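See below for the structure under consideration.
Any read-out appearing in this document is the output of simple, stated calculations on the displayed coordinates, not a laboratory observation. Please read all numbers here as calculations on a predicted model, not as lab measurements. So basically every Cβ, Gly included, is an ideal-geometry build from the backbone, and we count neighbours across all protein chains shown.
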Amino acid sequence: MNQKQLANVLVKILGLSFCAHGVPAVIAAIIAGVISLIQAMHDGSQTGVHNPYWWGYSMTYWITSVVEFATGIYLVVRSRWLTDKLIKDE
């Protein structure tokens, strides 16, 4: 196995790691939103979720996890191009 092949495999593993870290974060953000919605319905709020936790922390968590997952997909798909750019001498 030469240097480019090894780098390609390592970049793909890094991308899969990003994906693996992004998926549970999305699920956790969805669960937090559902819990917040149930809490708002239990408190008698008829206009929706007014909990600052949902709009502040949970939405930020959702966005960063989706970006992390998308970065992982990009690294897996474009790993060969990236290794060609990084290792030009072989």
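Most exposed first by the Cβ proxy, i.e. fewest other Cβ within 10 Å, how do Leu14, Leu6 rank? Before the final figure, lay out the partial values.
On the way: Leu14 16, Leu6 12.
Going from least to most buried by this count: Leu6, Leu14.
If the cut-off is a Cα-Cα distance under 18 Å, which lysines reach Lys12, setting aside same-chain residues fewer than 8 apart in sequence?
Counting by Cα, and skipping residues close in sequence, Lys12 has these lysines nearby: Lys4, Lys85.
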